[in-house]
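Comments concern the structure below.
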Amino acid sequence: MPTDPKAMTRPDLDERHRRILTFVVESHVTRAEPVGSQYVCAAYQLSISPATIRNAMQQLEERGFLGHPHTSAGRVPTEAGYRYYVDELMRPEPIPKATRRTVSEAIGPVPATGDPIPSGVLHVLARASRQLALVLVQDSAERVVERVDVVGLEGGLLVLALRETTGRVATSSWKPERPPDAATLRQAQKRIQDALPIRGAEEATALAARARRESPAAAAGAALAADLLERIARLMEAAEPPAVRIDGADNIASQPEFQSPARLRPLVSLLAEREPMARALKATAEFGRARVSIGRENGAGALRNCSIVGMRVEARGVQGLLGVMGPVRMPYRRLVSLVSYVGERLAEAR
């Protein structure tokens, strides 16, 4: 889990303070209201008095783990309180059998050419978490051009088409100041065909530079080949990064924390733009376990009002990230278990 910069200096808590902080966090997550000492005493049937609990809560507030909103007699966890709870106190919640079965059905057998993280998994994750579900499939494969075609059209227009080993096709068209004749076009295309496969934009750029250093005898074909190779490099570099997919936007928008216009508007913008969510998910997730980032750990804007539980997975040979996002007041016990289980099942899928 993300390291708290104050982790080395924050005081440890004795058993009583640890239990009371756990009670306050889990009560606030469930009720979405400030938690008072009377409620803690009654709900958890503690043998100590409300006055003793109140004194312990005051000490937790002084240490920065609890806050005292407005004039309320109750207290709420701070981000530091949630961080301590997640890192030190939380016990993951078992996954219900029905949820396990639903996740397995959503993953199912998928052809090798199919989506490594099916949309059904995203929907199940949103429904089971009751938060916003996030999935990002990363293109970790090396870009390799296996075929290049160049066609000269009437009026001097040239069309370049390339195909990568992944099946991706990209095209570019332009009109040179001096359109090449058929012989020059054939010479340039043969030069590129002889260089295939081209592994990445850097190799295409290096081949273009080499072509420009050719002897004058091959200047025409080499110069055109260099132009084509530079365009190939740009087409490979311009491949769009994968977009983050979401499900369950209504889950997060309906949370009490986002009911005021001042909170809801930035959230709506965040859901539309998505790139900040993708960056936060990448920063949070790692292989092998679900990790949690809380509030301001995610960055500025609407993200500072949210927490993310994320995990990196390799599903059917493709790397990806999945997670859930909700308010800082989220059921971490349940969500860490859920994201971990879904990630582990995807990693096992074939």
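The values are calculated or read from the model by the stated rules, or taken from the named source; none is laboratory data. This structure is a prediction, so every number in the text was calculated from the model and none was measured. All Cβ positions, glycine included, derive from the backbone under ideal geometry; neighbour counts span all protein chains shown. Please note that ligands, DNA and RNA were not included when accessible areas were found on the heavy atoms of the full protein model with its side chains. Shrake-Rupley method; radii C 1.70, N 1.55, O 1.52, S 1.80 Å.
Give me the aspartates and glutamates in straight-line cross-link reach of residue 282: C-alpha distance below 13 Å, same-chain residues under 8 apart excluded. Filter leaves 297. Between the Cα long axis of helix 219-237 and the first principal axis of the chain there is an angle of about 20°, rounded to the nearest 10.
Taking the DSSP beta bridges with both ends in the chain, the antiparallel portion is around 100 percent. Out of segment 125-181, which trypsin sites (Lys or Arg not before Pro) are coil in DSSP terms and have no more than 16 other C-beta atoms within 10 Å? The qualifying sites are 168.
Converting phi to 3J(HN,Hα) with the Karplus coefficients 6.51, -1.76 and 1.60 and the offset θ = phi - 60°, segment 42-50 yields 6, 5, 9, 6, 7, 7, 8, 7, x Hz in sequence order, with x at every glycine or proline. Spin-label model, residue 14 to residue 172: label points 7 Å out along the Cα-to-beta-carbon direction sit 7.1 nm apart. Compared with the alpha-carbon gap, the fully stretched path from residue 181 to residue 344 is longer by 52.9 nm at 0.36 nm per residue. Loop-located GluC sites (Glu not before Pro) in segment 198-294 (DSSP state other than H, G, I, E, B) with a sparse environment of at most 15 neighbouring Cβ atoms within 10 Å are absent.
Helix content alone sets the calculated 222 nm mean residue ellipticity of the chain: runs of n ≥ 4 DSSP H residues at -39500 (n - 2.57) each, divided across all residues, give -14000 deg cm²/dmol. Going by alpha carbons, how many degrees (0 to 90, nearest 10) lie between the helix axis of 200-212 and the longest principal axis of the chain? Long axis of 200-212 versus the principal axis of the chain: about 30 degrees. What segment 207-322 shows is 48 Å² of accessible area per residue, with the surface traced by a 1.4 Å probe over protein heavy atoms.
Only aspartates and glutamates eight or more places from residue 97 in sequence, or on another chain, were considered; those with a Cα closer than 15 Å are 105. Between residue 264 and residue 234, the simple spin-label model (points 7 angstrom out along Cα→Cβ) gives 4.5 nm.
Take the Cα radius of gyration of the chain and divide it by 2.2 N^0.38 Å, N being the number of residues; the result is 1.38. By the rule of a C-alpha distance below 13 Å, with chain neighbours fewer than 8 residues away ignored, the aspartates and glutamates paired with residue 190 are 149.
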